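Trainee: Just dropping this structure here.
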Amino acid sequence: MLGWILGVIAVFLVFGYWHLPIIWWTLAGGLLAAYLSVIAGFGFAADIVLAVSFIIIAAILNFPILRRKIITDRVLAIYRRILPDMSQTEKEAIDAGTVWWDGDLFSGRPDWDKLLATPAPRLSAEEQAFLDGPVEELCAMCDDWEITHERYDLPPRVWQFIKDKGFLGMIIPKKHGGMGFSALAHSAVVTKLSSRSNAAAVTVMVPNSLGPAELLLHYGTDAQKNHYLPRLAKGLEIPCFALTSPEAGSDAASIPDYGVVCKGIWQGKETLGMRVTWDKRYITLGPVATLLGLAFRLYDPEHLLGSKEDLGITCALVPTNTAGVNIGRRHLPLNGVFQNGPNSGKDVFMPIDWIIGGPEYAGKGWMMLMNCLAAGRSISLPASSVGGAQALARATGAYARVRQQFRTPIGKLEGVEEALGRIAANTYMMEATRIMTAGCVDAGEKPSVLSAIAKYHMTERARQCVNDSMDIHGGKGICLGPNNWVGRGYQVLPVGITVEGANILTRTLIIFGQGAIRCHPYVLREMRAAKEMAGEAAAIEFDDAFTSHIGHAISNGVRAFVHGITSSRLAHVPREGAPETLHYYRFTSRMSAAFAFLADVSMMAMGGALKRKEKISGRLGDVLSMMYLVSAMLKHYEDQGRIREDLPLIRWAARDAFYHAQQAIDQVLSNFPIKSLATLLRWTIFPLGTPFRPPLDSRNQECARLVLEPGAARDRLTSSVFISKSEKDATGVLEAAFLATVACEPLDKKLRDAVRSGKLETRPGVDTAAVAHQLGILNSEELQKWQRKEALRRNVIKVDDFPQDFGRAEILQKLSSETVKAKAA
Ligand SMILES: Cc1cc2nc3c(=O)[nH]c(=O)nc-3n(C[C@H](O)[C@H](O)[C@H](O)COP(=O)(O)OP(=O)(O)OC[C@H]3O[C@@H](n4cnc5c(N)ncnc54)[C@H](O)[C@@H]3O)c2cc1C
């Protein structure tokens, strides 16, 4: 009997693991019933009851018509009652975009071969030439202190360069006069610019992200495209896009700004148009924009466009010189001096064909915005975060080698090393995610959930990097000035966290909230059957989705358990993955099964209330996100040709991600509303306890060393950023001082040995190296090398000081004489 019980459990595990169809379960059930009848000798009557019961259950489970009538139609009725109604804007947000690798991670069995078979994202020769030419040139032109402290703006020559070289038209196709760049190239440009000047990067990023150009490309009429796209591409128009208002921030669909369809006089003629009233804030490029993309709710009380009165959110393009448009004032977002400010208008009359896409697109603005959101969100903030992180990794490693305390480079002190290693590993993971997400956009996807993951986790990791970097720099990071390369990044980082949907909302509402519906293989089908379909068609669709869903959940539960008791040894890996990273594929596959099972049980247990349980939803989103970040690193490692020198970075970052995912699951279970279910879930997901531990100190040390040493690994890790070659420039001096410090380390040892052996004495106010030269310990060439290093080092560790007015009087004089000259010219 015990053997049979074990056999039944084994069959359950095998069938569940391989997700076998219901017919197999039925056959196994039949065999079990026959065996029970034979060995138990129930008697004829009992055998008949058993046989009939089996036949009835088997028929119900295997014949959809019966199953529907007896089970799933009833479930559908309950489902319809409890499923909260969705507003049109919620529906449009959920429907927007596409599902890619997130669907695999939600499936419980990611198809690694498919992921590794996707071509490695690459720049074209033309794109690479643009990066090596105009982008390098623009970076070199930007003096961040001049921009952020003196001018509070980009200098006119930089603005002109940006316009002339086509930076504002990177996403506009060549046939409309733009650059026609790939998402990867666009992302690479923003990354490099962000490593040099936040203001320049934002100025370039915004017109290429969600805004007039993107909306025109997808929805514009031919007349609108032909007029505006070439002008935008050449920088003859500066665009901005205004959605956010004082009353509607995160809840952007609730904008109170409105327009009323009416007739009015336009250029002397009676014209069908709209009177629009709005009050917007935080609008990037707004203060200098010539073309205002405007979102407002449109009403048609006189039915001039059709029978509907409340048409919904509508997007229009408004030249900012239109009478009644108030624009030009600025906000000051944490000393980020990119142009940003409010704008407003009251009853401004504009022709109806200013609606993007013309009158047919009246009321379709929210759908347009949601559909276009993913591309920009995949690129802008992930790229700027990577630019910042790479620049910090390079500069902080260099500074930690140049700066000594306790007669040791601070980077070799364990406390500093810990922060430095974290910067290096996070930077690797961020670059991998940037490239994979941009590559996904280039493959034609509009990844709504993955772009939210990329935006949230990369801005947060950038925050971790800049915090670590500030700690390492000590007072040098705190005192602002032209010689501080980290302070402005620290100041401005929260801006990226707030824009494109503030991060708390992105984490707790969007990643899992949207993912659970969009990426789950069955939930959206069930919802559509329940809410958008009727009659027989709804019943058939719901039955199929619901029964598949149950099988999917059981299979993932079994997989999670089997992976738990076998330490992931059976978990799916790619056929051709690098052997040294195969265990990370296994762990991710295990995590995917556990996550998919937990997500299903959570949705079942909490239903619509899960939407309000944002702490649970946020943690489930974290698990999904960690799997995505690890997947991106594994793909990057393959695409880069399996460079073993980079392995410590992957090892640290992957272990950190698995540990965080595990913690997130643990916290979901600890806070699960039904405690008995939480216990069962814990037994299923962690049958032998929690397996993942934080990264080892030894790995952290290996990561730190990669940025403390000049060489290929450091260059690869920071390959997307601008590296100044000028010693007149703070980061240029730092780079030179770093190389000189490393080159002088044998001389340092020589001097220390001489002191230790008593051949040389160190005295305050006496140049020890010069004395060593007199004593023949250093030759002339060595002395020169040492003195150059010392000069560079002193330059690097100095901090800026200012006159009482921080130089404002001098700056104002310089700027006003420039204005006089410009006017005269
Ligand atoms: C510098 C800057 C530039 C910007 N540029 C533009 C632009 O060019 N065009 C444009 O239209 N907009 C722009 N924005 C707006 C931006 O994209 C955000 O959408 C907006 O700032 C969010 O609104 P809020 O700041 O009023 O925050 P609030 O909506 O007041 O949110 C405050 C906090 O509550 C959280 N929160 C809100 N709702 C929820 C919820 N349901 N669950 C959990 N947490 C929630 C948020 O995450 C946030 O942490 C910009 C913003 C800034 C700061």
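Trainee: Given the options 462, 538, 534, 530, name the one that is over 24 Å from residue 436 (Cβ atoms) and surrounded by 22 or more Cβ atoms within 10 Å (Cβ to Cβ).
Mentor: Exactly one residue qualifies, and that residue is 530.
Trainee: Among the candidates 497, 472, single out the residue that is out of contact with any strand residue (DSSP E or B) (no Cβ under 7 Å at 6 or more places or on another chain), within 15 Å of the ligand (Cβ to nearest atom), in contact (Cβ under 8 Å) with a residue 12 or more places away in the chain and within 30 Å of residue 146 (Cβ to Cβ).
Mentor: Testing whether each residue is out of contact with any strand residue (DSSP E or B) (no Cβ under 7 Å at 6 or more places or on another chain), within 15 Å of the ligand (Cβ to nearest atom), in contact (Cβ under 8 Å) with a residue 12 or more places away in the chain and within 30 Å of residue 146 (Cβ to Cβ) leaves just 497.
Trainee: Output the residues belonging to the range 329-368 that are within 15 Å of the ligand (Cβ to nearest atom), under 28 Å from residue 183 (Cβ atoms) and not in a loop (DSSP other than H, G, I, E, B).
Mentor: 340, 365, 366, 368
Trainee: Looking at the range 22-46, which of its residues are in contact (Cβ under 8 Å) with a residue 40 or more places away in the chain and part of a loop (DSSP other than H, G, I, E, B)?
Mentor: none
Trainee: Which members of the range 108-128 meet the condition of being outside any loop (DSSP other than H, G, I, E, B) and open to solvent by less than 30 Å² (accessible area, probe 1.4 Å)?
Mentor: Passing the criteria: 112, 115, 127.
Trainee: Tell me, yes or no, whether the range 410-426 has at least one residue that is crowded, with 24+ Cβ neighbours inside 10 Å, at pLDDT 95 or above and under 19 Å from residue 661 (Cβ atoms).
Mentor: Yes, the range 410-426 contains a residue that is crowded, with 24+ Cβ neighbours inside 10 Å, at pLDDT 95 or above and under 19 Å from residue 661 (Cβ atoms).
Trainee: Okay, next question. Give the residues of the range 224-243 that are open to solvent by less than 20 Å² (accessible area, probe 1.4 Å), within 16 Å of the ligand (Cβ to nearest atom) and either among the aliphatic types (A, V, I, L, M) or free of Cβ contacts under 8 Å to residues at least 40 places away in the same chain (or both), sorted by residue number.
Mentor: Listed by number, the residues that qualify are 232, 238, 242.
Trainee: Further question on the same structure: Residue 572: more than 16 Å from the ligand (Cβ to nearest atom), of a type outside the set (Val, Ile, Thr), in contact (Cβ under 8 Å) with a residue 40 or more places away in the chain and open to solvent by less than 30 Å² (accessible area, probe 1.4 Å), yes or no?
Mentor: Against the criterion (more than 16 Å from the ligand (Cβ to nearest atom), of a type outside the set (Val, Ile, Thr), in contact (Cβ under 8 Å) with a residue 40 or more places away in the chain and open to solvent by less than 30 Å² (accessible area, probe 1.4 Å)), residue 572 does not qualify.
Trainee: For residue 563, work out the one condition from (1) open to solvent by less than 20 Å² (accessible area, probe 1.4 Å); (2) under 28 Å from residue 506 (Cα atoms) it doesn't fulfil.
Mentor: (2)
Trainee: Do you know which of the residues in the range 319-335 that are in contact with a Leu (Cβ under 8 Å, 6 or more places away or on another chain) and not polar (S, T, N, Q) is surrounded by the most Cβ atoms within 10 Å (Cβ to Cβ)?
Mentor: 327
Trainee: Something else about it: So is residue 214 more than 12 Å from the ligand (Cβ to nearest atom) and of a type outside the set (Val, Ile, Thr) or not?
Mentor: Considered against the rule, which asks whether it is more than 12 Å from the ligand (Cβ to nearest atom) and of a type outside the set (Val, Ile, Thr), residue 214 comes out as yes.
Trainee: From the list 206, 189, exactly one residue is β-branched (Val, Ile, Thr), in contact with a helix residue (DSSP H, G or I) (Cβ under 9 Å, 6 or more places away or on another chain) and more than 21 Å from residue 439 (Cβ to Cβ). Which is it?
Mentor: Unique residue meeting the criteria: 206.
Trainee: What tally of residues in the range 560-607 results from selecting those that are more than 24 Å from residue 675 (Cβ to Cβ) and part of a helix (DSSP H, G or I)?
Mentor: 15
Trainee: Could you tell me whether the range 47-55 includes any residue that is part of a helix (DSSP H, G or I), under 43 Å from the mean Cα position of the chain (by Cα) and among the acidic types (Asp, Glu)?
Mentor: Within the range 47-55 (the criterion being part of a helix (DSSP H, G or I), under 43 Å from the mean Cα position of the chain (by Cα) and among the acidic types (Asp, Glu)), the answer is no, since none of the residues qualifies.
Trainee: How many of the residues in the range 500-549 are more than 16 Å from the ligand (Cβ to nearest atom) and of a type in the set (Ser, Thr, Tyr)?
Mentor: 3
Trainee: Also, quick follow-up: Please enumerate the residues belonging to the range 601-646 that are of a type in the set (A, V, I, L, M), over 25 Å from residue 575 (Cα atoms) and surrounded by fewer than 18 Cβ atoms within 10 Å (Cβ to Cβ).
Mentor: Of everything in the range 601-646, those that are of a type in the set (A, V, I, L, M), over 25 Å from residue 575 (Cα atoms) and surrounded by fewer than 18 Cβ atoms within 10 Å (Cβ to Cβ) turn out to be 604, 605, 606, 609.
Trainee: With surrounded by 15 or more Cβ atoms within 10 Å (Cβ to Cβ) and either closer than 17 Å to residue 192 by Cα or among the basic types (Lys, Arg) (or both) as the only criterion, which of 132, 143 stands out?
Mentor: Residue meeting the stated conditions: 143.
Trainee: So, in the range 476-490, of the ones that are open to solvent by 50 Å² or more (accessible area, probe 1.4 Å) and part of a helix (DSSP H, G or I), which residue ends up nearest to the ligand (Cβ to nearest atom)?
Mentor: Among those that are open to solvent by 50 Å² or more (accessible area, probe 1.4 Å) and part of a helix (DSSP H, G or I), it is 490.
Trainee: How many residues are under 29 Å from the mean Cα position of the chain (by Cα) and among the hydrophobic types (A, V, I, L, M, F, W, C) if we restrict to the range 698-737?
Mentor: 11
Trainee: Looking at (1) under 30 Å from residue 561 (Cα atoms); (2) in a helix (DSSP H, G or I), which is the one condition that is false for residue 90?
Mentor: In the conditions (1) under 30 Å from residue 561 (Cα atoms); (2) in a helix (DSSP H, G or I), residue 90 misses (1) alone.
Trainee: A further question follows. Return the pair list, or none, for Cβ contacts closer than 7 Å from residues in the range 503-527 that are at pLDDT below 95 and open to solvent by 40 Å² or more (accessible area, probe 1.4 Å) to residues that are more than 12 Å from the ligand (Cβ to nearest atom) and assigned to a loop (DSSP other than H, G, I, E, B), at least 6 apart or on different chains.
Mentor: 518/99
Trainee: Which residue pairs have Cβ atoms under 7 Å apart, sit 6 or more places apart or on different chains, and have a first residue in the range 745-768 that is closer than 18 Å to residue 404 by Cα and open to solvent by 60 Å² or more (accessible area, probe 1.4 Å) and a second that is assigned to a helix (DSSP H, G or I) and not hydrophobic (A, V, I, L, M, F, W, C)?
Mentor: Final answer for the pair search is 762/768.
Trainee: While we're here: Taking only the range 393-411 into account, find how many residues are part of a helix (DSSP H, G or I), within 16 Å of residue 799 (Cβ to Cβ) and in contact with a Pro (Cβ under 8 Å, 6 or more places away or on another chain).
Mentor: Result for the range 393-411: 1.
Trainee: Only one of these conditions is not met by residue 322: (1) closer than 15 Å to residue 293 by Cβ; (2) polar (S, T, N, Q); (3) within 12 Å of the ligand (Cβ to nearest atom). Which number is it?
Mentor: (3)
Trainee: Here's a follow-up. Which helices (runs of 4 or more DSSP H) does the range 163-223 wholly contain that include 2 or more residues that are at pLDDT below 95 and either on the phi < 0 side of the Ramachandran plot or surrounded by fewer than 24 Cβ atoms within 10 Å (Cβ to Cβ) (or both)?
Mentor: It comes to none.
Residues checked against (1) touching a strand residue (DSSP E or B) at 6+ places or on another chain (Cβ under 9 Å); (2) within 16 Å of the ligand (Cβ to nearest atom):
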{"residue": "370", "(1), (2)": "no, yes"}
{"residue": "404", "(1), (2)": "no, no"}
{"residue": "410", "(1), (2)": "yes, no"}
{"residue": "421", "(1), (2)": "no, no"}
{"residue": "428", "(1), (2)": "no, no"}
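Trainee: Then there's this: Given the conditions (1) touching a Phe, Trp or Tyr at 6+ places or on another chain (Cβ under 6 Å); (2) of a type outside the set (Phe, Trp, Tyr); (3) on the phi > 0 side of the Ramachandran plot, and given that residue 312 satisfies all but one, which numbered condition is not satisfied?
Mentor: (1)
Trainee: If I ask for residues that are open to solvent by 60 Å² or more (accessible area, probe 1.4 Å) and free of Cβ contacts under 8 Å to residues at least 12 places away in the same chain, which ones from the range 72-89 would you list?
Mentor: 74, 78, 81
The values are calculated or read from the model by the stated rules, or taken from the named source; none is laboratory data. In this text, all values refer to a predicted model and were calculated from it rather than measured experimentally. A quick note on method: Cβ atoms are made from the backbone with ideal geometry, for glycine too, and the neighbour counts reach across all protein chains shown. These area figures cover heavy atoms from the full protein model, side chains too; ligands, DNA and RNA do not enter into them. Shrake-Rupley method; radii C 1.70, N 1.55, O 1.52, S 1.80 Å.
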